[in-house]
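Just below is one structure, and these are the notes that go with it.
The values are calculated or read from the model by the stated rules, or taken from the named source; none is laboratory data. This structure is a prediction, so every number in the text was calculated from the model and none was measured. Here Cβ is always computed from backbone atoms with ideal geometry, including for glycine, and neighbour counts include all displayed protein chains. Quick note on the areas: whole protein, heavy atoms, side chains included, nothing else; ligands and nucleic acids left out. Shrake-Rupley method; radii C 1.70, N 1.55, O 1.52, S 1.80 Å.
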Amino acid sequence: MKVNLAVVGATGLVGSMMLKVLSEENFPIDKLYLFSSKKSAGKKIEYAGKEYTVEELKEDSFEGRNIKIALFSAGASVSEKFAPLAAKAGVTVVDNSSAFRMDPEVPLVVPEINPDDIKTNKGIIANPNCSTIQSVLPLKPIHDKYKIKRVIYSTYQSVSGSGLKGISDLENGTKLAYKYPIQNNCIPQIDSFLENGYTKEEMKMINETKKILHDDSILVTATTVRVPVKFSHSISINVEVEKPFEVEDVKKIIGTYPGMVLQDDLANAIYPMPLMAAGKNEVFVGRIRRDFTVANGLNLWSCADNIRKGAATNAVQIAKKLLED
């Protein structure tokens with residue numbers, strides 16, 4: 001069954017990748033609608049051999065078009081205004097912004113982990129933060145088997161997480177996205193600081209992890225850092241669990257879990273790296289080893305393309321699940 005589908009923010013980094021992933025997946029589209037800001041309206045985009053003109057997003061853009069699914073990637077302020085309007089018009093919105101992630105009425109979904117949450121949607125489904133997605137995937141099978149008590153995240157996030165401006169800062173030495181140079185540098189600030197000393201990005205990871213895993217008892221802390229890498233985020237994940245484990249068993253459950261690739265062959269120096277994860281839809285996990293400082297501690301290293309699995313691919317996976325229901 002083919003459906004009418006819209007992409008909001010179609011000219012941006014993630015919006016463009018959404019179209020690429022839709023094409024790769026041969027998503028069954030009848031009519032495709034592309035929306036953007038007034039500034040980008042009128043641009044031509046080719047999709048599946050056909051040229052489309054990008055429209056300016058307006059309050060009546062979803063009226064009378066029988067659009068079933070809309071993938072939003074245009075920022076929180078745009079989503080806050082237009083996603084409810086789309087939902088009111090009968091559209092199911094998959095929103096990539098932070099606008100609705102912690103709304104108790106809105107499911108926050110990683111399809112390999114909590115696909116059933118999609119069924120509770122009331123017109124809007126939230127796509128998690130890119131760093132959260134690649135973290136909770138390895139955590140899910142660990143939590144199911146050993147019950148996680150505490151998680152410590154340390155992230156190494158690529159500049160593409162800041163869009164085209166971030167890429168420009170890395171490649172051209174501009175200061176469009178960051179206060180300080182990113183070339184030959186690491187910046188321990190992603191998003192703005194809050195009163196508690198954490199950044200918004202760090203609190204997103206903390207809160208979203210609990211919501212996706214359906215467990216508010218998990219203790220989570222995070223430090224998020226921007227690094228001079230173009231694509232793919234890397235994350236060091238320290239986990240404390242309640243039950244004893246064998247490292248080889250942990251490797252086995254991660255290696256067989258959907259959406260992940262185990263890369264953990266120390267003898268041959270095989271482990272996940274952003275350079276190898278770029279352009280891929282999977283989350284790569286390795287450097288799995290015991291943390292000897294606590295009774296049941298574990299260290300992991302996760303790499304994933306933040307524009308693909310961290311945004312576009314996850315959204316398209318959600319859209320595919322919607323067609324199954």
Quiz item: Among the candidates Gln134, Gln183, which residue alone is in contact with a Gly (Cβ under 8 Å, 6 or more places away or on another chain) and either among the acidic types (Asp, Glu) or under 23 Å from Ile253 (Cβ atoms) (or both)?
Solution: Gln134
Exercise. For residues that are of a type in the set (A, V, I, L, M) and in a helix (DSSP H, G or I), scanning just the stretch 1-56, find the one that is surrounded by the most Cβ atoms within 10 Å (Cβ to Cβ).
Key: Met18
Self-check item: Residue in the stretch 97-111 that is out of contact with any Leu (no Cβ under 9 Å at 6 or more places or on another chain), over 20 Å from Val7 (Cβ atoms) and charged (D, E, K, R) present
Solution: yes
Exercise. Kindly indicate whether Ala319 is under 10 Å from the mean Cα position of the chain (by Cα), more than 14 Å from Ile142 (Cβ to Cβ) and touching a residue at least 40 places away in the same chain (Cβ under 8 Å).
Key: no
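Here is a yes/no grid of residues against (1) buried (at least 24 other Cβ atoms within 10 Å of the Cβ); (2) within 30 Å of Asn4 (Cβ to Cβ):
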{"site": "Tyr271", "(1), (2)": "no, no"}
{"site": "Ala278", "(1), (2)": "no, no"}
{"site": "Phe284", "(1), (2)": "yes, no"}
{"site": "Val294", "(1), (2)": "no, no"}
{"site": "Ala304", "(1), (2)": "yes, no"}
{"site": "Ile307", "(1), (2)": "yes, yes"}
{"site": "Val316", "(1), (2)": "yes, yes"}
Quiz item: For the stretch 236-248, does any single residue satisfy the condition of being in contact with a strand residue (DSSP E or B) (Cβ under 6 Å, 6 or more places away or on another chain), under 18 Å from Ile187 (Cα atoms) and either assigned by the TED database to the domain that holds Cys186 or open to solvent by less than 50 Å² (accessible area, probe 1.4 Å) (or both)?
Solution: yes
Quiz item: List pairs: first in the stretch 240-253 and without any contact (Cβ under 8 Å) to a residue 60 or more places away in the chain and under 15 Å from Ala295 (Cβ atoms), second of a type in the set (Lys, Arg) and surrounded by 11 or more Cβ atoms within 10 Å (Cβ to Cβ), Cβ under 6 Å, 6+ apart or cross-chain?
Solution: Val247/Arg290
Quiz item: Within the set of pairs 6 or more residues apart or between chains, which connect a residue that is within 19 Å of Leu13 (Cβ to Cβ) and not assigned by the TED database to the domain that holds Asp191 inside the stretch 54-82 to a residue that is open to solvent by 60 Å² or more (accessible area, probe 1.4 Å) and of a type in the set (Gly, Ala, Ser) with Cβ atoms less than 9 Å apart?
Solution: Leu57/Ser37; Ala74/Ser37; Val78/Ser37
Quiz item: Quick one: is Glu112 closer than 16 Å to Ile318 by Cα, touching a residue at least 60 places away in the same chain (Cβ under 8 Å) and of a type in the set (Asp, Glu)?
Solution: yes
Practice problem: Could you check, for the stretch 275-282, whether at least one of its residues is of a type in the set (Lys, Arg), farther than 18 Å from Val151 by Cα and in contact (Cβ under 8 Å) with a residue 24 or more places away in the chain? | Solution: yes
Quiz prompt | Long-range neighbours under 7 Å by Cβ, at least six apart or interchain, first residue free of Cβ contacts under 8 Å to residues at least 12 places away in the same chain within the stretch 175-190, second outside any loop (DSSP other than H, G, I, E, B) | solution = Lys175/Asp169; Leu176/Lys165; Leu176/Ser168; Leu176/Asp169; Tyr180/Ile187
Quiz item: Quick check: anything in the stretch 224-243 of a type in the set (A, V, I, L, M, F, W, C), in contact with a Lys or Arg (Cβ under 8 Å, 6 or more places away or on another chain) and assigned to a loop (DSSP other than H, G, I, E, B)?
Solution: no
Quiz item: Out of Thr155, Thr174, which single residue is under 14 Å from Asn129 (Cβ atoms) and β-branched (Val, Ile, Thr)?
Solution: Thr155
Quiz item: Do any strands (runs of 3 or more DSSP E) lying entirely in the stretch 80-163 carry at least 2 residues that are surrounded by fewer than 20 Cβ atoms within 10 Å (Cβ to Cβ), and which ones are they?
Solution: 148-157
